[in-house]
1. Please return the ranges of helices (runs of 4 or more DSSP H) entirely within segment 158-269 where 2 or more residues are without any contact (Cβ under 8 Å) to a residue 60 or more places away in the chain and closer than 15 Å to S45 by Cα.
2. Within segment 84-103, track down each residue that is closer than 16 Å to L35 by Cβ and buried (at least 18 other Cβ atoms within 10 Å of the Cβ).
3. Please give the helices (runs of 4 or more DSSP H) falling wholly within segment 94-153 in which 3 or more residues are at pLDDT 95 or above, acidic (D, E) and outside the structural domain of K186 (by TED's automatic domain parsing).
4. Report the residue count in segment 1-19 for those that are over 15 Å from the mean Cα position of the chain (by Cα) and not hydrophobic (A, V, I, L, M, F, W, C).
5. State all residues of segment 20-38 that are outside any strand (DSSP E or B) and over 14 Å from the mean Cα position of the chain (by Cα); if no residue qualifies, say none.
6. Of (1) on the phi > 0 side of the Ramachandran plot; (2) not assigned by TED's automatic domain parsing to the domain that holds I64, S170 satisfies all except one. Which?
7. Tell me which residues, restricted to segment 62-73, are touching an Asp or Glu at 6+ places or on another chain (Cβ under 8 Å) and crowded, with 17+ Cβ neighbours inside 10 Å.
Amino acid sequence: MKQIAIIGPTASGKSDLAIETALRHNANILSIDSLSIYKEIDIASAKPDAEALAKVKHFGINEIDPDAHFSVAIFIELYQKALRQTREEEKNLIIVGGTSFYLKSLTTGLSELPEYSRQTKERTAKMLSDLQQAYAYLRERDPAYMRAIEPTDAYRIEKMLLLVLESGMSPTEWFNAHPPRPVIEKLDIFDIEVDRTLLRERIIKRTRKMVGSGLIDEVAMLEQKYGRDHNAMKAIGIVEVLAFLDGECSKEEMIDTIITHTAQLAKRQQTFNRTQFSEAVPAELNVLPQLIADLFSKQE
């Protein structure tokens, strides 16, 4: 079994390349897209359509509801599930998407956590009844670590409470004593290179297609069903539509803002990929199919 990863900025053609590669090399696909993971967010996430999903088995798409919590730890569990099933099917695995932070979590891993006793769970639940006080307790124990956690982030506050109460150590002390271990020891990574002007043209075209396909109606439905407080509702393409629905901008201004924010995201993605995956093979989209084919043929 072989595993490869395809990364690149949003709208660079990753999904189509992954599907083409999967069909050519007998592979399943694991998506690393922070929005495609959610059910019902179809247009805003630009996830592959039903026809594409029917051609190749995908993991990491339509896995959870928009009001559910998602984390790196959950993603690693999802990867392990994809790996297990793909091995059983005697196929290869292609990891693809724009949220390269999740890919980085596979190559660097997560720290081991302790087993939590019933007493620790009960004490944590009791303290969480006053979230503000629970956050203050953790901030006093480890002010540096807690600066990265919002006082309203109940999920992460709960995780840190469990850790502190069970181990007696601050988060910083624990993670220093238990450094992360890679989940994947070696992975061939291909990074799509694309001219910035061409990428912006692709972003403009895709954004207008999304709006024409019903983006506004989708966001209105999501807001009515799930509200605005969940992380999924704070994504690019959703927050701008919500502003339009609130009467804060015209439709054309909404489109322009989505394009601008998406282009800014693409730039951040390119910087992250370049600095975090020095071992990746950078190449233009039209060159990558042959480079990937050469890799598969060498490993056979």
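The values are calculated or read from the model by the stated rules, or taken from the named source; none is laboratory data. Because the structure is a prediction, the values reported are computed rather than measured. Methodologically, a virtual Cβ is constructed for each residue, glycine included, from the backbone with ideal geometry; neighbour enumeration extends over all protein chains shown.
1. 196-212, 215-226, 239-245
2. V96, G97, G98, T99, S100, Y102, L103
3. Output list is empty.
4. 5
5. Within segment 20-38, E20, T21, A22, L23, R24, H25, N26 meet the criteria.
6. Single failed check for S170: (1).
7. Scanning segment 62-73 gives a single hit, P66.
Conditions (1) touching an Asp or Glu at 6+ places or on another chain (Cβ under 7 Å); (2) loosely packed, with under 11 Cβ neighbours inside 10 Å; (3) among the acidic types (D, E), marked per residue:
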{"position": "D229", "(1), (2), (3)": "no, yes, yes"}
{"position": "A243", "(1), (2), (3)": "no, no, no"}
{"position": "M254", "(1), (2), (3)": "yes, no, no"}
{"position": "I258", "(1), (2), (3)": "yes, no, no"}
{"position": "Q264", "(1), (2), (3)": "no, no, no"}
{"position": "F277", "(1), (2), (3)": "yes, no, no"}
{"position": "I292", "(1), (2), (3)": "no, no, no"}
{"position": "S297", "(1), (2), (3)": "no, yes, no"}
